[in-house]
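Chemist: Have a look at this one.
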Amino acid sequence: MGLEERLPEGILTAQLESLVNWSRQNSTWPLLFGLACCAMEMIATTTARYDISRYGSELFRASPRQADLMIVSGRVSNKMAPVIKRIYDQMPDPKWVIAMGICASAGGPFNNYAIIQGVDKLIPVDVYISGCPPRPESLLHALDKLREKQARDTFRRREPVVVVPEDIESLDSLRNGQRA
């Protein structure tokens, strides 16, 4: 009673784009990249209790060249900003970003010169997760939302987002010697 018995002569037709999107949905490889306390919740998502392996994401990659999902979990400091941008640039296309926690999404309670007020000032973010710290279930929900976005993806060229350090407000105030 397998699929091959139901199809005439074993032929299956589908659009190439839908097959590629299906494979991307079911094998998203996240990058091991935790910045603060939200990283503990991200790591907890890999345990058997939450079972991130149902998304094909149970193995966090240590190299950006092997990952297609960056989960920025925690606050982003000015010192870490160029590192995040470099790692994002090293990831192969297509690539996705999840901002995990209020610190990665909007700076959190750290409204000062040392913290970037949202990672979306550096790189494009696909899904935001609120909370401090967000629960592992929130990360699984964000992966569901990302899978919905991946299902609608097309092969057309994506416009690259170019951010230079001069575009980041907090770095400008740091250069001018203004302290919050």
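The values are calculated or read from the model by the stated rules, or taken from the named source; none is laboratory data. Bear in mind that the values here come from a model prediction, so they are computed numbers and not experimental data. Backbone-built Cβ (ideal geometry, glycine too); neighbour counts: all protein chains shown.
Chemist: All but one of (1) assigned to a helix (DSSP H, G or I); (2) modelled with pLDDT of 85 or more; (3) not acidic (Asp, Glu) hold for Gln150; state the number of the condition that does not hold.
Modeler: (2)
Chemist: Out of the residues in segment 153-168 meeting the condition of being among the hydrophobic types (A, V, I, L, M, F, W, C) and over 18 Å from the mean Cα position of the chain (by Cα), tell me which one is modelled with the highest pLDDT.
Modeler: It comes out as Phe155.
Chemist: In segment 1-53, which residues are modelled with pLDDT under 80, closer than 30 Å to Arg135 by Cα and part of a helix (DSSP H, G or I)?
Modeler: Across segment 1-53, the qualifying residues are Asn21, Trp22, Ser23, Arg24, Gln25.
Chemist: Could you pull out the residue among Asp144, Asp120, Asp93 that is at pLDDT 85 or above, within 21 Å of Gly56 (Cα to Cα) and out of contact with any Asp or Glu (no Cβ under 8 Å at 6 or more places or on another chain)?
Modeler: The conditions single out Asp144.
Chemist: Another one. Out of (1) in contact (Cβ under 8 Å) with a residue 40 or more places away in the chain; (2) under 26 Å from Phe155 (Cβ atoms); (3) out of contact with any strand residue (DSSP E or B) (no Cβ under 7 Å at 6 or more places or on another chain), what's the single condition that is false for Ile52?
Modeler: Tallying (1) in contact (Cβ under 8 Å) with a residue 40 or more places away in the chain; (2) under 26 Å from Phe155 (Cβ atoms); (3) out of contact with any strand residue (DSSP E or B) (no Cβ under 7 Å at 6 or more places or on another chain), Ile52 fails exactly one: (2).
Chemist: While we're looking at this one, here's another question. How many residues are small (Gly, Ala, Ser), outside any helix (DSSP H, G or I) and over 23 Å from Gln150 (Cβ atoms) when one looks only at segment 63-105?
Modeler: Here the count works out to 2.
Chemist: Check Pro82 against each of (1) farther than 25 Å from Asp51 by Cα; (2) modelled with pLDDT under 85 and name the one condition it does not meet.
Modeler: Every condition holds for Pro82 apart from (2).
Chemist: Considering segment 12-40 alone, what residues qualify as being among the charged types (D, E, K, R) and over 15 Å from the mean Cα position of the chain (by Cα)?
Modeler: Glu17
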